[in-house]
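Okay, so here's the structure we're looking at.
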Amino acid sequence: MGKTQHYEVYAIRYATREGQRRDNFIGGDPHDGPMPMDYFVWMVVGPERRFVVDCGFTAETAARRKRTYLRDPVEALQLLGVHVDDVTDVVLTHLHYDHVGNFDRFPRARFHLQERELVYATGKYMRHPFLSRSFEVDDVAGIVRLNFGGRVVFHDGDAELAPGMNLHLAAGHSAGLQFASVETQRGRLVLASDVTHYYENMDSGRPYTTTLHVGDTLESYEKLRAIATSPEHIVPGHDPLVMQVYPAPRQELDGIAVRLDVPPSRSRPTPPPAL
Ligand SMILES: [Zn+2]
């Protein structure tokens, strides 16, 4: 029997924006009110290898898209002891602007991506602003260039990156969206990324407004649950509650980062009933 690898997992909050509940569910929401959105990058630290999961957007993109930029996500990795020159593996859950924007700042990394995401981001649907607005064309072109440089590792479905660190295709929000599952001391944790933006999308079965395929999105919620040890082991991609329920790794990182491989230190408030 091989020894189980346990990873430490962190979320770093790098941006935020105001929003209303109706913005975050297809068909709106009967209990309209404020529902802000946070933006994260994640880091998975193992005994031998570590993985950066997504790389956020740039200050320029934040200004153009009117997001509140709290900190540079790549510099923030250093607060957790990681220097970009040492990063060898970056997981790109998908190619939307808020997940890929700083790809060019990891000089040694290879990038793990589902092949169908790049097909989507360079294909016929990008003629339509409704879908292309979630991408920055320079990011997509940049990933194409990285591929010509041999630095993109394409996956087609689920893949093991290292013992206890796996990727899972879960399309719907985007054509080649993937999430990561990570073995930790508290069980199998799922970094859902945009498979579910908020706990509530998944819990109420109501997809976020930016959705390529509703049916695939609903199936992908089930995949999250099938792989995580429990629903409390699923970490949504944009929910401010993540910063509230998990503890900071150390006091000076309060409000900046949380540690996800330890149990939540607070329980989640109950959301209003879906209908
Ligand atoms: Zn996102």
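Bear in mind these aren't lab numbers, they're just calculated from the coordinates by the rules spelled out. What you see is a predicted model, and the numbers here were worked out from it, not measured in a lab. So basically every Cβ, Gly included, is an ideal-geometry build from the backbone, and we count neighbours across all protein chains shown.
Over the chain, DSSP H runs of length four or greater, each weighted -39,500 (n - 2.57), average out per residue to a 222 nm ellipticity of -6000 deg cm²/dmol. Looking at the square roots a ≥ b ≥ c of the eigenvalues of the Cα gyration tensor of segment 1-144, which shape do they give, rounded for a/c under 1.5, prolate if a/b is larger than b/c, or oblate? Since a/c reaches 1.5 and a/b is larger than b/c, the shape of segment 1-144 is classed as prolate.
Under the rule a/c < 1.5 gives rounded, and otherwise a/b versus b/c splits prolate from oblate, where does the chain land using the Cα gyration tensor? Rounded shape, in that the Cα axes give a/c under 1.5. Ranked by the mean number of other Cβ atoms within 10 Å per residue, highest first, peptides 62-68, 113-119 order as 113-119, 62-68. What does DSSP give for the chain in terms of the percent of beta bridges that are antiparallel, rounded to the nearest 5? Of all bridge pairs located within the chain, approximately 75 percent are antiparallel. How big is the antiparallel share of DSSP beta bridges in segment 37-181, given as a percent to the nearest 5? Within segment 37-181, antiparallel bridges account for around 55 percent of the total. Computed from the alpha carbon atoms alone, the convex hull of segment 81-179 holds 102 Å³ per residue. Each of the peptides 53-59, 25-31 was scored by the mean count of other Cβ atoms within 10 Å over its residues; in descending order, highest first, they stand as 53-59, 25-31.
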